[in-house]
Structures are given as structure tokens and as C-alpha cells.
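Engineer: Sharing a structure with you now.
Read-outs throughout are calculated quantities, based only on the coordinates presented, and are distinct from any laboratory measurement. No experiment lies behind these values; they were computed from the predicted model shown. Heads up, the Cβs are rebuilt from the backbone with ideal geometry, glycines too, and the neighbour counts pull from every protein chain shown.
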């Protein structure tokens, strides 16, 4: 029997607990060689990836320590994944590569090339579904084909039994004959320094965050989730983005609370709804990859946005004269995170008050967010802009003033980020909401016609 190792390619699944590809690789009972590849194609987006790469490096250090403790050191390489993996196959004699599938257009093209190369080399590829609770194609309409509206997708999703989390391996038979590069800094990867502190990024931090959320906030989730000052949402999004935590583990924790405390069902179900939205937007990106660059509804590619750079700049800097918008944008700039209710407010404001393309906002968010995820970010922006999967989109225009009154009634969140909001030094609103609302409706109507 061959003692050659199997290769295990980590990507956005940076954990040892509940990891499908790792679980299946260990089941082979042969040495496992875990590898992570720094891909120049992703790193070349320089400005857009600094914050996320800083989080990634921290998560990789945690993964490396966990794999070391289990007996299978992680090796790091840099380069085109096709060539790096070809070289590893030749160096190690590996006949199998394990990986967890991704759904983004670039990842799918890259994995297709890797698959073709491995076929040439006579190497088996075991591609596992691990990114979502129900993978693409698993939740389909009765007549066949994907759902494009959330509510029926959600009902069909709930009707499917979830998979239980997989156990963490007690030990992994490692392979130590192959070496990688040493841990790089952002500078080594050709990137600038991260401009803000990086949140704790590893698997241990993710699990502690989940435990804390389940203990303190999940049973009041529906009641408090829209109040940014309360800050009672889970903050798990960066961990789900990089896979330092599995969505199955999060769902299992939520279901456990629901079964132990039936009175909390309504509150917990609203949180589970967020996991369903996550699967929904990933499924949309998988089935309709054009959304990565264009509107889900092609008619809205014809919108003639004003795209005034001065207004866009004021929005980016949190200087619009609308306190809730400015507080949200400053939270994003200063922390790399933004409360979900605020994401809806600022994206509606950019597109329907400032008449600036959702794609400008989407790019800015990807540059600033630690949890920047193509499917979730794109889905959220297209929802707010009314160009996405929504049944009756463009009539929904948030009034930033009434949103602030409703969700920050005492102005505590605004005071934290815009302390000058009540003083004379604060700028006047850069637009009139009621005027802009009518202009937005006309703009969308023209595109539809």
C-alpha cells in the first residue's frame, strides 16, 4: 500500500473542526500534507485586499498552530495554484488532492484549471461541499431550477434536514518531507500595512465569539438586532468568510438553544434566517455569475447614474450631513465592520439619494470590510439598490432621518462616531432627501422603459 501523502488544499476553510475536506482526507489513513497558496491573481487587487489579507494571515497562524498540535504541519507556498500544486504532486508523489469547493467565478475558473492539470498528472481530486449549509443545487424549485426570490428559497431550505457538524480529528498523520515558505508579512505579499487593528481571527476566537453570542444575545436577537448602539449581533461574519468557523457549527448551536428553550424560538429563527440569506446569495452567485459585475436584472444596467465624485467622497468619509449615514461610514472606516441595519441605510442612501452606482459602493465596502465576501456584499448592495433578486425593488427608499429616529432614537450610536452632529461645525445635508427620492424613481423608471 502506498505511503505517499494526500494533499489538502486550504482556501476559505481555515479550521480543523467540522471541515469536510480534512475529515475525508484523514479517513484515507495515509499521511496528509496541508497546504495554503498565496495567489498573486488575488493579491494583485492590492488596495482592495489589505484588510482581509491581514485577517487571513492571523487566521492562518492559528490554523498552523492547530495543525502542528495534531501532527500535520501546514506548508505555505506562493504562486499560480496550478503550477504550485503540479510541483507538489511531483515532489511528494501524491495521487489525491482534497479541497472544499468555492462558488465565486474566479475560484471556479481556477479550480477548473487545477482539475485539468491533475487529470493530466493522473491525480484524483476530491472536491467537497463545505462552504454552505445546503450547497448550490441542493435547494431547487419543485419544477427544477434555482430560486430567485428569498422567501420560497427559505421555505425549501428549512424543509431540508441540516448536516451535523463533523468531529475535530484527535490526530492527523502528517508529512514532514516537504517544506514551504516562512510566514509572510503584508509587505512580503506586496501589500501596504493594515491601517486599523485586526480583530482576533483564529478558530479559537471564532468559537469563543459564538459561545458568547449564544449565551448573551441569540435569545433576544429579533428584539435588538436592528439597534446599532446595542451591538448585539453575532460579529461572526469574518469567521464565516474565512471559514475559521463552519456554518453547520453555527446552525447547530442555534438549534440547540431553540430545543432547550422553546420560548426563544421566534428570536432564534430570525438569526437562522441570516444563515439562510448567506446560502441564498451564494446560490445566486453560483447560478448567475454575471451578478459579480452586472445587475441581476439586466434592465437596471441601463440606469444612468449621476456618479458625482464629490458626493461619493463625502459618503466615503462620513461627511454627508446625515448623522446616521456618517456614523455608519465612520464605523466602517475605523473598525472594518458595519452593523447590518446600517449597511442597508448607507447603501440605499448612496444609490437613491446621491444617485451613485451601487458598484462604487460595493467596491468601497470590499476595500474596508474584514468580512468582505463577494456573494454577501454583492447581494446586499443589489438588494438595497433595487437591481437584485427582490420582487418589487426600486420603490423601497429608506429615509435616513426616520431610520435614525427608529433605530437610534436617543442618538447614542451617532454620538459615538459623529460627536459633532449637534454642533455648528457639522455640515448641512449635501442633498434634499425628498427631492432626490423623486429623481431616483424617475431614473429607475427610465431604465425600465
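Engineer: So for region 165-267, considering every pair of alpha-carbon atoms, how many percent are separated by more than 20 Å?
Structural biologist: Working: 3015 of 5253 pairs.
In whole percent, the long-distance tail amounts to 57.
Engineer: For residue 106 and residue 335, FRET efficiency with R0 = 25 Å and r from the beta-carbon atoms, rounded to 0.05?
Structural biologist: After rounding, the FRET efficiency stands at 0.35.
Engineer: Give me P(r) over region 298-448, computed from all C-alpha to C-alpha distances, binned every 10 Å, as integer percentages.
Structural biologist: 11, 44, 35, 9, 0
Engineer: Of 45, 90, how do they rank once you tally other Cβ atoms within 10 Å and put the fewest first?
Structural biologist: Working: 45 14, 90 10.
Starting with the residue having the fewest Cβ neighbours, the order is 90, 45.
Engineer: Follow-up. On a 0 to 90° scale, report how tilted helix 247-260 is relative to the longest principal axis of the chain, with both axes built from alpha carbons and the result rounded to the nearest 10.
Structural biologist: 70
Engineer: Using the Kirkwood radius over C-alpha pairs as Rh, can you work out the diffusion coefficient of region 220-303 via Stokes-Einstein at 10 °C, viscosity 1.306 mPa s, in µm² per second?
Structural biologist: Values: Rh = 15.0 Å.
Calculated translational D: 106 µm²/s.
Engineer: Still on this structure, please answer the following. How big is the shadow of the Cα convex hull of region 285-335, averaged over all directions, in nm²?
Structural biologist: Details: hull surface 21.1 nm².
Computed as one quarter of the Cα hull surface, the answer is 5.3 nm².
Engineer: Now for a different question. Tell me whether region 62-105 comes out rounded, prolate or oblate; compute the Cα gyration tensor, take square roots of the eigenvalues as a ≥ b ≥ c, and use a/c under 1.5 as the rounded threshold.
Structural biologist: In terms of gyration-tensor shape, oblate.
Engineer: What percentage of all Cα-Cα pairs in region 6-130 are separated by more than 26 Å? Numbers along the way, then the final one.
Structural biologist: Details: 1220 of 7750 pairs.
Everything past 26 Å amounts to 16 percent.
Engineer: Where the Cα atoms of the chain are projected onto their three principal axes, how long is each span, largest first, in whole Å?
Structural biologist: 75, 49, 49
Engineer: Take each of the peptides 329-340, 112-123, average the number of other beta-carbon atoms within 10 Å over its residues, and list them starting from the highest.
Structural biologist: Per-residue mean Cβ counts within 10 Å order the peptides as 329-340, 112-123.
Engineer: Another question, if that's okay. Can you give me the orientation-averaged projected area of the convex hull built on the Cα atoms of region 21-90, in nm²?
Structural biologist: In nm², the orientation-averaged hull projection of region 21-90 is 5.4.
Engineer: When 246, 402, 182, 107 are ordered from fewest to most other Cβ atoms inside 10 Å of their Cβ, what list results?
Structural biologist: On the way: 246 25, 402 11, 182 7, 107 18.
Listing 246, 402, 182, 107 from fewest to most nearby Cβ atoms yields 182, 402, 107, 246.
Engineer: Just the Cα atoms of region 318-381: what Rg and Dmax do they give in Å?
Structural biologist: My reading of the Cα-based Rg and Dmax gives 10.6, 31 Å.
Engineer: If you take the beta carbon distance between residue 192 and residue 140 as r and set R0 to 51 Å, what does 1/(1 + (r/R0)^6) give as a FRET efficiency, to the nearest 0.05?
Structural biologist: FRET efficiency, residue 192 to residue 140: 0.70.
Engineer: Mind checking the angle between helix 50-70 and the chain's longest principal axis? C-alpha axes, 0 to 90 degrees, to the nearest 10.
Structural biologist: For 50-70 against the chain, the angle is about 30 degrees.
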